[in-house]
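Just below is one structure, and these are the notes that go with it.
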Amino acid sequence: MSETSAFSVPGSDTQHGASNIQLPATDAILSARNLRVVRGGVTILDVPEFVVREGEVLCLIGPNGAGKTTLLQNICYLHKSFEGEVMFRGKIIGKDHGVFDYRRRVAMVFQEPLLFDTTVFKNVASGLTFRGVDKKEIRKRVAENLERFGIAHLRDRSARTLSGGEAQRTSLARAFATKPEILFLDEPFASLDPPTREGLTRDLEKILLESQTTTISATHDRNEALRLSDRIAFMRNGKIEQLGTPAELVNNPLDEFVASFVGVETVLTGNVVGKGEGGTWIVSVSGKDIEVTEPLSEGESVVIHISPENVILSNNFVSKKTSLRNYFAARITCIMPMGPFIKVYLDCGFPLVAYITNESKESLGLSEEKAVTASFKATAVQVIARKETEID
Amino acid sequence: MDLIFEGIIKAFWLLVTFDPEVMSIMFLSLKISGSATLVSLFIGLSAGSALALTQFPGKKIVVGAVNTGMGLPPVVVGLFVSIFLWRSGPLGFLELLYTPTAIIIAQSIIATPIVTGITLASLQQLPKKMRLQILALGASRAQMVWMLVKEAKLPLLAAVMAGFGGVISEIGASIMVGGNIKGYSRVLTTATVMETSKGNFDIAIALSIILLFLAYLINLVLTYVQQRERPR
């Protein structure tokens, strides 16, 4: 008996592998073809096709060394270390469109603010000064962007005296002052503390919505990506492995790794053992039967995930006649406060995670090692991937 | 001890009364070493920037040579400049030996590797992404280089001070190519050596105090630069 190793993904609009990307050419502000970067004989970037639509926010996510920064810096033309073509508004950069002119129509913000050793005003004005914009216009555009990022009061302060958040706001204002047609963000909030990052993400979200600036952002922070982006590209080993809307990535991740990266908590592998009541299918996970609504085939090996917010905990036995098709006796293995909610780790014979409120914890009297009942609807179970089992 | 004590008192008297001979030696030294520093700045800033911002095969060998040059012995420089400017030497027709110009040439050769090396280090100490950030803000290559030099302005000031400090305090080259001619090519270091050998400790101490004061000023600026923080 042998098994095929390839996982296919159930029907969805999500594109796995950038070569499948097909978008109307009129939509594209930036596109790249056969982009390849090789260093020391190792291919560190391999993107057959990459299209960015005008006005969209596209986030690149993926583990360290996935090639996010390399992709950003190359399509921003800060290096010319790649093979392939990058097109801006349909024109090939370096051939039909000048590199210098292209760079003056885009802007990039790095993880470090990289401010110049001068005042906040002069920092924000620097991109305009490079372009030879007249002083009156510079004053107007700098004032607008200082106000926009809430740093007008820091106008005459030396960049040396700014906090991390203020410095990154200055860096963003400096980029926006040039009115870029494409904004590249390379993990701009990565070195900020959580409250500062939250405030800045909220402001940037609002500004991007207002300005409709096309943005390509590399980030490690899935919440930032899910919040800001119209589409997310998941990168691994220099390749774009999955591209889709945030909902598509969360509901239909390519594999377990992508699932864990976008924050899916409970990912389980099981076998389809037969049909349940009302057209559901039964997936056996560690000897426990889980009812699933998605169409499956008996004998299939599948990877499923159960969203923690869909798991309900109770102290009482749950009747099988309720809409909650799945119910399991569980033991609480860990309770982890997560600020506004609590994450509860359960052992049901398989691991399960539930999110509950502080009030629910108090009213149920939950504690570690306590026995509870965990339940969830069959519709709360989503199939990430499936593996055909072949019999010789 | 009396000799030293009396020497110091006389030296202060020479300084506070602006003794014409001491003042003339000091101003000539400042003029010669200042000129040599300017020449070395022009060459060293350009060479250091080019080295820092370009990649080419054999760069490490060139950087190694610059670093070696930072410790160039002044007497060796003095020897070769003397040979070149000697009446029968390759540049003898210029008749520059035993002139202030000859000292400026020798001191420039001593200071240039110092300025080049510090410029190179200053630009390399800037965050690596600073260059990309400047380009990403729409700067031309010339604007990028200028911005980097501006960002490294304080370490570059250190290069100026180190270059000046290196030449104002050297003696080997100055005495060999300048000749220590009174009122013409006599500088602080050569005069100190001569006055000491003559037993005129008061003048020698007065000249030494001026040298020490200049050295202190230079180190004060360097300390300030070293302890300064960069923006985020």
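The values are calculated or read from the model by the stated rules, or taken from the named source; none is laboratory data. Computed from a predicted structure; not experimentally measured. Glycine gets a Cβ as well: all are built from the backbone with ideal geometry, and neighbour counts include every protein chain shown. Surface areas here come from the heavy atoms of the whole protein model, side chains and all, with no ligands, DNA or RNA. Shrake-Rupley method; radii C 1.70, N 1.55, O 1.52, S 1.80 Å.
Just a few scattered comments:
- The amide H of A:K275, built 1.01 Å from its N in the peptide plane, has A:I282 as neighbours under 5 Å, considering only residues 5 or more places off or on other chains.
- Using equal-weight Cα scatterers in the Debye expression, the normalised intensity of chain B in log10 at q = 0.08, 0.09, 0.17, 0.18 Å⁻¹ is -0.37, -0.46, -1.17, -1.24.
- Residue by residue, the range B:41-50 carries 3J(HN,Hα) couplings of 5, 4, 6, x, 5, 5, 5, x, 5, 4 Hz when phi is fed to the Karplus relation 6.51 cos²θ - 1.76 cosθ + 1.60 (θ = phi - 60°); x denotes Gly or Pro.
- For the range B:1-55, chymotrypsin sites (Phe, Trp or Tyr not before Pro) are listed when DSSP marks them as loop and at most 12 other Cβ atoms sit within 10 Å of their Cβ; the list is B:F18.
- Amide H contacts under 5 Å for A:E56: A:T215, restricted to partners 5 or more places along the chain or on a different chain, H placed in the peptide plane at 1.01 Å from N.
- Ordering A:F176, B:F164 by accessible surface, largest first, gives B:F164, A:F176; the 1.4 Å probe counts only protein heavy atoms, with every chain in place.
- Those aspartates and glutamates that a straight Cα-Cα span of less than 18 Å connects to A:K95, excepting residues fewer than 8 apart in one chain: A:E83, A:E85
- The Kirkwood hydrodynamic radius of the protein assembly as shown, based on inverse pair distances between different Cα atoms, is 30.3 Å.
- Accessible area in square angstrom per residue, the range B:77-132, 1.4 angstrom probe: 49 Å²
- Prolate/oblate/rounded call for the range A:112-240, Cα gyration tensor, a/c under 1.5 rounded: prolate
- Minimum 50 Å² accessible area buried by the other protein chains, the range A:154-173 residues, probe 1.4 Å, relative to alone: A:R160
- Heavy-atom accessible area ranking, 1.4 Å probe, most first, across B:K153, A:K136, A:K370: A:K136, B:K153, A:K370
- The contact between chain A and chain B removes approximately 2300 Å² from the accessible area (both sides summed; 1.4 Å probe; ligands, DNA and RNA excluded).
- Largest accessible area first, the residues A:R131, A:R222 order themselves as A:R222, A:R131 under a 1.4 Å probe with ligands, DNA and RNA left out.
- The distance between label points at A:E54 and B:W86 comes to 7.7 nm (points 7 Å beyond Cα on the Cα→Cβ vector).
- Structure-based [θ]222 nm, the protein assembly as shown - -39500 (n - 2.57) summed over DSSP H runs of at least 4, per residue, nearest 500: -14000 deg cm²/dmol
- Just the protein heavy atoms count here, and of the accessible area of the range A:266-390 at 1.4 Å, carbon and sulfur take up 51 percent.
- Accessible-area composition of the range B:82-138, carbon plus sulfur, in percent [1.4 Å probe]: 65 percent
- Filter on A:K179/B:K150; B:K31/B:K182; A:K122/B:K150; A:K91/A:K135; B:K128/B:K153; A:K91/A:K239 - keep pairs with C-alpha separation over 21 Å: A:K179/B:K150; A:K91/A:K135; A:K91/A:K239
- Helix A:135-148 vs. chain A, principal-axis angle (Cα, 0 to 90°, nearest 10): 20 degrees
- Hz values of 3J(HN,Hα) by residue in the range B:173-182 - Karplus curve (6.51, -1.76, 1.60), Gly and Pro given as x: 5, 4, 6, 6, 9, x, x, 6, 7, 4
- Taking every DSSP bridge with both residues inside the range A:64-212, close to 40 percent are antiparallel.
- On Cα atoms only, tilt of B:188-198 relative to the major axis of chain B in degrees: 30 degrees
- Derived scalar couplings ³J(HN,Hα) [the range A:50-65; Karplus, 6.51 cos²θ - 1.76 cosθ + 1.60; whole Hz; x for Gly, Pro]: 8, 10, 10, 7, 4, x, 8, 10, 10, 9, 9, 10, x, x, 4, x
- For the range B:1-99, the list of trypsin sites (Lys or Arg not before Pro) that fall in a loop by DSSP and count at most 11 other C-beta atoms within 10 angstrom reads B:R87.
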